[in-house]
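See structure below.
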Amino acid sequence: MKISNQNTILITGGAGFIGSNLSEYFLGLGHKVICLDNFSTGHRHNLKDITGNPNYKLIEGDIRNIEDCILAVAGVDYVLHQAALGSVPRSINDPITTNEVNVSGFLNMLVASRDAKVKRFVYAASSSTYGDSEGLPKVEDVIGKPLSPYAITKYVNELYAEIFSRTYGLETIGLRYFNVFGRKQDPDGAYAAVIPKFVKQLMNHESPIINGDGNYSRDFTYIDNVIQMNELAITTQNQSAYNTIYNTAFGDRNTLNDLVQYLKAYLSEFDPKIADVEIVYGINRAGDIPHSLASIDKAKSLLGYNPKYSLQEGLKEAVSWYWNNLK
């Protein structure tokens with residue numbers, strides 16, 4: 001179901017990987033999009049294809065500043081809150097800043113959205129919330145103890161959203177993202193995600209370093225599946241679907257060893273030498289969850305979620321994009 005008529009959608013973190021993809025998608029449907037970003041992790045080059053769109057507005061601001069949040073939500077129908085400091089290692093190295101952005105900034109956005117009477121507040125939650133829970137697949141109402149400061153902040157987001165729904169009547173939906181990847185994901189920096197980082201290394205004939213023995217597994221989730229979930233979250237008219245949390249994933253898992261072999265195979269179609277690049281193994285990373293696999297039954301049942309891209313299908317799309325944009 002599409003949103004009826006033209007609506008105004010605020011996307012916080014709109015210059016980031018996920019936020020910029022969401023911005024392009026909703027502009028393509030004819031909606032007005034406002035982006036709030038401080039460019040701490042987002043990039044202006046992610047916005048180059050939409051900057052001239054008359055329905056697009058960029059507000060350079062920080063969710064830690066309540067005045068920026070109030071300005072951004074004025075006249076907004078829906079909020080897609082993507083702004084956050086991601087990365088488990090970053091949160092271990094700097095828990096204070098992670099908390100300021102992910103908790104205080106999140107609370108600022110909730111307050112501003114409540115006061116502006118937005119129709120619905122959809123936010124990026126995280127599979128890290130499952131913590132040390134060993135059961136697979138991960139089901140939304142069964143979580144363990146957090147394993148990192150980042151995981152704590154994302155769980156606190158869920159608690160705050162529930163309180164704002166109960167206390168103030170603000171409609172909220174949380175999407176627990178599972179290892180999202182795809183076009184525009186940054187391959188550079190100390191906290192780069194594994195897929196774009198490995199892609200760039202392989203393209204440069206450099207050996208990727210896998211943490212541990214490579215048998216840790218993840219539910220890798222292509223960006224277009226995530227876009228589908230965000231759209232469903234703001235269009236659903238099923239009242240039973242409001243004020244709750246959904247796994248946002250494909251519902252399958254692959255090891256890091258599987259991942260790197262797929263990457264080598266797909267990239268070798270562009271450069272046969274990549275097939276011979278050696279893989280290096282290092283130590284396990286602090287705070288990492290060994291295995292991750294989502295149950296997507298709840299999202300299928302209440303939202304009508306139907307992910308289109310498996311890891312292999314998404315990787316083929318992503319590899320092609322990186323080859324054309326990093327070369």
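The values are calculated or read from the model by the stated rules, or taken from the named source; none is laboratory data. Given the structure is predicted, the values throughout are model-derived calculations rather than measurements. FYI the Cβ positions are ideal-geometry reconstructions off the backbone, even for glycines, and counts take in every protein chain you see. Heads up: the accessible areas ignore ligands, DNA and RNA and are worked out on the full protein's heavy atoms, side chains in. Shrake-Rupley method; radii C 1.70, N 1.55, O 1.52, S 1.80 Å.
Of all residues in the stretch 71-102 being of a type in the set (Val, Ile, Thr) and surrounded by 17 or more Cβ atoms within 10 Å (Cβ to Cβ), which is modelled with the lowest pLDDT? Only one residue tops the list, namely Val88.
Restricting the stretch 191-228 to residues that are under 24 Å from Val122 (Cβ atoms) and part of a loop (DSSP other than H, G, I, E, B), which is most open to solvent (accessible area, probe 1.4 Å)? Ranking the qualifying residues of the stretch 191-228, first place goes to Ala193.
Put simply, of Thr153, Thr172 the only residue that is under 17 Å from Gly287 (Cβ atoms), open to solvent by less than 20 Å² (accessible area, probe 1.4 Å), of a type in the set (Ser, Thr, Tyr) and at pLDDT 95 or above is Thr153.
Within the stretch 119-132, at least one residue is buried (at least 22 other Cβ atoms within 10 Å of the Cβ), over 18 Å from Val180 (Cα atoms) and either of a type in the set (Phe, Trp, Tyr) or without any contact (Cβ under 8 Å) to a residue 40 or more places away in the chain (or both). For the stretch 135-142, the condition holds for at least one residue, the condition being that it is out of contact with any Asp or Glu (no Cβ under 9 Å at 6 or more places or on another chain), part of a loop (DSSP other than H, G, I, E, B) and surrounded by 15 or more Cβ atoms within 10 Å (Cβ to Cβ).
Residues that are of a type in the set (Gly, Ala, Ser) and at pLDDT below 95 do not occur anywhere in the stretch 103-121.
Name the single residue that is farthest from Tyr168 (Cα to Cα) among those in the stretch 240-298 being in contact with a Gly (Cβ under 6 Å, 6 or more places away or on another chain) and part of a helix (DSSP H, G or I). Out of the qualifying residues, it is Asn257.
Please verify whether the stretch 259-269 includes one or more residues that are under 30 Å from Leu80 (Cβ atoms) and of a type outside the set (Phe, Trp, Tyr). Yes - at least one qualifying residue is present in the stretch 259-269. Here is the figure for the stretch 286-305: residues that are surrounded by fewer than 17 Cβ atoms within 10 Å (Cβ to Cβ), closer than 18 Å to Asn254 by Cβ and touching a helix residue (DSSP H, G or I) at 6+ places or on another chain (Cβ under 9 Å) total 1. Residue check: Lys308 meets all listed conditions (1) in contact with a Ser or Thr (Cβ under 8 Å, 6 or more places away or on another chain); (2) closer than 17 Å to Tyr177 by Cα; (3) surrounded by fewer than 14 Cβ atoms within 10 Å (Cβ to Cβ) but one, namely (1). Of all the criteria given as (1) over 23 Å from Glu24 (Cβ atoms); (2) open to solvent by less than 70 Å² (accessible area, probe 1.4 Å); (3) at pLDDT 95 or above, the one not satisfied by Tyr177 is (1). The set of residues in the stretch 17-36 being open to solvent by 10 Å² or more (accessible area, probe 1.4 Å) and closer than 20 Å to Val101 by Cα consists of Phe17, Ile18, Ile34. Could you list, in sequence order, all residues of the stretch 96-118 that are in contact (Cβ under 8 Å) with a residue 24 or more places away in the chain and polar (S, T, N, Q)? Correct list: Thr98, Asn99, Asn102, Ser104, Asn108, Ser113. Residue-level check: of (1) at positive phi; (2) in contact with a strand residue (DSSP E or B) (Cβ under 7 Å, 6 or more places away or on another chain), Gly282 misses just (1).
The residue that is surrounded by the most Cβ atoms within 10 Å (Cβ to Cβ), counting only those in the stretch 156-169 that are in contact with a helix residue (DSSP H, G or I) (Cβ under 7 Å, 6 or more places away or on another chain) and of a type in the set (Ser, Thr, Tyr), is Tyr160. Residues being surrounded by fewer than 20 Cβ atoms within 10 Å (Cβ to Cβ), closer than 19 Å to Leu315 by Cα and touching an Asp or Glu at 6+ places or on another chain (Cβ under 7 Å): count how many of those fall in the stretch 229-266. Here the count works out to 1.
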